[in-house]
1. Just to be sure, is Lys71 closer than 18 Å to Val16 by Cα, touching a Leu at 6+ places or on another chain (Cβ under 7 Å) and at pLDDT 90 or above?
2. Does Ile194 satisfy the condition of being of a type in the set (A, V, I, L, M, F, W, C), in a loop (DSSP other than H, G, I, E, B) and modelled with pLDDT under 95?
3. Which condition number does Asp264 fail, the rest of (1) out of contact with any Asp or Glu (no Cβ under 8 Å at 6 or more places or on another chain); (2) farther than 22 Å from Glu169 by Cα; (3) without any contact (Cβ under 8 Å) to a residue 60 or more places away in the chain; (4) of a type outside the set (A, V, I, L, M) being met?
4. If Gly204 passes every condition in (1) free of Cβ contacts under 8 Å to residues at least 60 places away in the same chain; (2) within 30 Å of Ile353 (Cβ to Cβ); (3) surrounded by fewer than 22 Cβ atoms within 10 Å (Cβ to Cβ) but one, which one does it miss?
5. Please count how many residues of region 208-237 are within 10 Å of the ligand (Cβ to nearest atom) and either modelled with pLDDT of 95 or more or outside the structural domain of Lys282 (by TED's automatic domain parsing) (or both).
6. Here are some residues: Lys442, Lys431, Lys448. Which one is among the basic types (Lys, Arg) and part of a loop (DSSP other than H, G, I, E, B)?
7. Only strands (runs of 3 or more DSSP E) wholly contained in region 347-427 count here; list those with 1 or more residues that are within 27 Å of Thr453 (Cα to Cα) and in contact (Cβ under 8 Å) with a residue 40 or more places away in the chain.
8. Can Tyr105 be described as closer than 22 Å to Arg8 by Cα and either in contact (Cβ under 8 Å) with a residue 60 or more places away in the chain or not basic (Lys, Arg) (or both)?
Amino acid sequence: MVTTNVERLEGELNEVQNEFLMANGMDFNVNFNVCGQSFCYEITDKQLNICKSYSYEVNFCSDLEKKRYIKRYAKLSLYDYLSKKFNVELPWGALTGIRPTKLYYQHGENREKFLKEQMRVSDKKYNVLTKIANAQSNYYEVSENNTAFYVGIPFCPTRCSYCSFISCEIGKLSAVNEYIEALCKEIEQSKKLIKNLRSVYIGGGTPISPSIQNVKKVLDAVGKVNCEYTVEAGRADCINEEVLALLKEYGVNRVCVNPQTFNDSTLQLMGRNHTSKEAIDKYHLTKKFGFKVNMDLIAGLPLENFEIFKNSLEQAIALRPENITVHTLCLKKGSKLKELCERLPEGEVAKMIDYSAERLEQEGYRPYYLYRQKYMAGNLENTGYSLPGEECVYNIDVMEEIAQNIACGANAVSKRIFVSENRIERIGAPKDVKTYIEKIDKLLEDKKKLFTT
Ligand code: SF4
């Protein structure tokens, strides 16, 4: 555990410590001082009862920038101490945030110096960021007018054992119709806030798990659009001809088919009600309807080794969907699955991630978006790859936070970007379905205020 005299920084410093597995259970203190032109930090290692000092010369233009740098260099000092103590360099160095690509863009011509020299990001990860920026170049546009429109349906047929979303098992919920009604109301009102619509994404949960009538109601509320339109069909056990025909009729042009793995015993262990063969069949069915396909795989699933992951990746490549996103398994502490996953040999997940980058690039895919999460196996990342020209605009606009994100549904977070002020305002809808239904009118009022004043 890390303590510090810097306000509201303990959480991020603990994230830095958590990235060093060997530091588990140890205690440190980070003490900050200004010494002349420099920021000085003293790291106290409480077990060894030793104290080490670090100082950095920092130039800043405003109080806000000063505060940001105090935090940034505090994390760096702790990273430097732990890296030396355990003789380990982490792939993302002292970066703990979700969006390393944002830092890449923000630092312009100084990006290499900042990321590699100052934040200790490895050459390999820096090169990935460069490739991503190249792949995004045809789409990357920071604009307060551009809009990504999100609709969330947080229901699934069963709950996967690794799931950390709010998704509910649809059979156990009585308020599905009421939810769809509130959601359609929110969609209708929120559509009025859209300026230049670049993408629509209906996600979940498994948004096609409600009845076909309810799915139709949502599609009706969204209406016809003239842009990228994605539905995260997700699980093979929900995909069928009837729902695909409906999506086609409403102008959806991209569908997510997410096998996660092509290993049947893992699918069973995770509580997914389908086999790998069914995922392959449903992929072909989706293609028969002419949709572009986004496919998700997960590296580091319980009891999977490199060979099993490699086989899943090869099967995905053989199908040749437009997008393949390779996620690193992310589990909350204490979960049963986490214990199983911790039995994976050291470095096994990193090997899977490296292999997927190499193989996908050999096969003509290129990385085009990337994000990190807390509790990720091996301090790694999620990377989306696409065939050139087939990038999913929604993923870029939302991950890079370069467009307004108008989001509808329980737990959905809307974001308004203020480009000249370099800031973002957010409104999060209630997580719980029942509270969302109850609070819908207040949410609509707040949202209107956010996007119009
Ligand atoms: S399909 Fe996705 S959202 Fe649904 S239970 Fe599984 S992991 Fe959670």
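1. On the way: closer than 18 Å to Val16 by Cα: yes; touching a Leu at 6+ places or on another chain (Cβ under 7 Å): yes; at pLDDT 90 or above: yes.
Judged against the criteria, Lys71 is a match.
2. Details: of a type in the set (A, V, I, L, M, F, W, C): yes; in a loop (DSSP other than H, G, I, E, B): yes; modelled with pLDDT under 95: no.
Judged against the criteria, Ile194 is not a match.
3. (2)
4. Among (1) free of Cβ contacts under 8 Å to residues at least 60 places away in the same chain; (2) within 30 Å of Ile353 (Cβ to Cβ); (3) surrounded by fewer than 22 Cβ atoms within 10 Å (Cβ to Cβ), Gly204 violates only (3).
5. As a first pass, look at region 208-237 and keep what is within 10 Å of the ligand (Cβ to nearest atom): 209, 232, 234-235, 237.
Filter again for either modelled with pLDDT of 95 or more or outside the structural domain of Lys282 (by TED's automatic domain parsing) (or both), leaving 209, 232.
So the count comes out to 2.
6. Working: Lys442 fails: part of a loop (DSSP other than H, G, I, E, B); Lys448 fails: part of a loop (DSSP other than H, G, I, E, B).
Among Lys442, Lys431, Lys448, only Lys431 is among the basic types (Lys, Arg) and part of a loop (DSSP other than H, G, I, E, B).
7. Numbers: elements: 366-371, 382-386, 404-408, 413-418.
Here the list reads 404-408, 413-418.
8. Values: closer than 22 Å to Arg8 by Cα: no; either in contact (Cβ under 8 Å) with a residue 60 or more places away in the chain or not basic (Lys, Arg) (or both): yes.
Against the criterion (closer than 22 Å to Arg8 by Cα and either in contact (Cβ under 8 Å) with a residue 60 or more places away in the chain or not basic (Lys, Arg) (or both)), Tyr105 does not qualify.
The values are calculated or read from the model by the stated rules, or taken from the named source; none is laboratory data. The structure presented is a predicted model; accordingly, all values stated were derived computationally and were not measured. Using ideal geometry, Cβ is built from the backbone for each residue, glycine included, and neighbour counts are taken over all protein chains shown.
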